[in-house]
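Here's the structure, in structure tokens; my notes come after.
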Amino acid sequence: MTTSFTRRSLLGAAAASATLAAMPMRALAEGKLRLRMSGVNSETDQRAIALMQKFGPEVSGFADFEPHWNGTLFQQGTELEAIASGDLEMSLTSAQELATFIPEFSIFSAGYVHQSAAHQVAVFNAPLMDDFKKKAEDTLKVKLLTVIYLGRRQINLRMTKAEREVKTPADMAGVKLRIPGSDAWQFLGRALGANPTPMAFTEVYTALQSGAIDGQDNPLPTVVDAKFYEVTKQIVLTSHLVDLNYLALSLDAWNKLTPDQQATLQKAADDTADFGRTNQLKKEEDLVAFLKDKGLEIYEPDVAAFRKHVQEAYLSSDMAKQWPAGLLDKINALGA
Ligand code: KDO
């Protein structure tokens, strides 16, 4: 079960860290800025590889990048609280997590809104994003450095296609689909027609193996990096969410840097995002053959039916009422 935390506890921690930020700059004078990062992904994940090959070396003149993968430092969903309390400096946060504190972020987590990796970049760099970045800084003391391409999420089931063929959302009725714990994520699971089951990422493999869940959804590279293909039988190519993370940095850490160091760190983040995106896109192309070789059945459902059902669910939801007027049109206009 994902460990959730209350808005109050997070904001209390942010206030505490604000006093820390007032401390003299001796921390930087004595040594390099410590940048602890926690992620639940594996070290073979393209995001981890890009961060270790690009970000770490590019900031090494003034900062020590300390990645901790596989959820070994903090559990999924607790990283933002850890950053606010000064126990962590970086994470791969998501629009779904941010929406827990800033509800309008849910628009960036809605199924079938982002159209491609390039669309994600255009949206993140557009003026429409400025207010969202400021709210993350004001509310959570977190600076969103760049957008990281996670991939197109697909439905991945334990059952064989003969046992459960999925053509439309109606075919997902009763399927216990694991999806992360926040409300925005659970909404997506219901919009797909499934019975969403909240669970931390690090528990998914065992739950698939034991049959505690019927399936999960993630991009193909994650299915391989987390070895979900060993305990599942089919992949339904819904591409229901062109998913992303935001590379999040403690604002207190950012404010300890000189303008030149900030510019170097920002470039390191953008280089990391570009490198990781290119490699993740290539992996997505290559892995269909790999997964078929592993015996999984991979096929396209009626994607139009999924898109229609998911978009109608979002547009008629209370969640959409929290989206600033006209924002969805602006996002769509930036697409292909
Ligand atoms: C997941 O838990 O399904 C998810 O894909 C959610 C993402 O936001 C991100 O946390 C990801 O897991 C991890 O980085 C593991 O790939």
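The values are calculated or read from the model by the stated rules, or taken from the named source; none is laboratory data. Just so we're clear, the structure is a prediction, and the values are computed from it rather than from any experiment. Quick reminder, even Gly has a Cβ in these numbers, built from the backbone with ideal geometry, and neighbours come from all protein chains shown.
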Cβ-Cβ under 6 Å pairs, at least 6 apart or on other chains, segment 222-235 side closer than 10 Å to Leu291 by Cα, far side part of a helix (DSSP H, G or I) and not hydrophobic (A, V, I, L, M, F, W, C):
Val223/Tyr229
Answer yes or no as to whether Arg164 is basic (Lys, Arg) and away from the ligand (no atom under 16 Å from the Cβ).
yes
Single match in Val236, Val242 (criterion: in contact with a His (Cβ under 6 Å, 6 or more places away or on another chain), more than 12 Å from the ligand (Cβ to nearest atom) and among the hydrophobic types (A, V, I, L, M, F, W, C)):
Val242
Going through Thr168, Thr139, Thr146, Thr197 one at a time, which residue ends up being more than 18 Å from the chain's Cα centre (by Cα), β-branched (Val, Ile, Thr) and more than 25 Å from Ala304 (Cβ to Cβ)?
Thr139
Taking Lys161 as the residue in question, decide whether it is closer than 13 Å to Thr238 by Cβ and not acidic (Asp, Glu).
no
Let me confirm something: among Thr160, Thr139, which residue is assigned by TED's automatic domain parsing to the domain that holds Leu92 and hydroxyl-bearing (Ser, Thr, Tyr)?
Thr139
Identity of the residue in segment 32-79, assigned to a loop (DSSP other than H, G, I, E, B), touching a strand residue (DSSP E or B) at 6+ places or on another chain (Cβ under 6 Å) and under 23 Å from Thr202 (Cβ atoms), that ends up nearest to the ligand (Cβ to nearest atom)
Gly39
Which of the following residues is within 11 Å of the ligand (Cβ to nearest atom) and outside any strand (DSSP E or B): Gly193, Gly151, Gly181?
Gly181
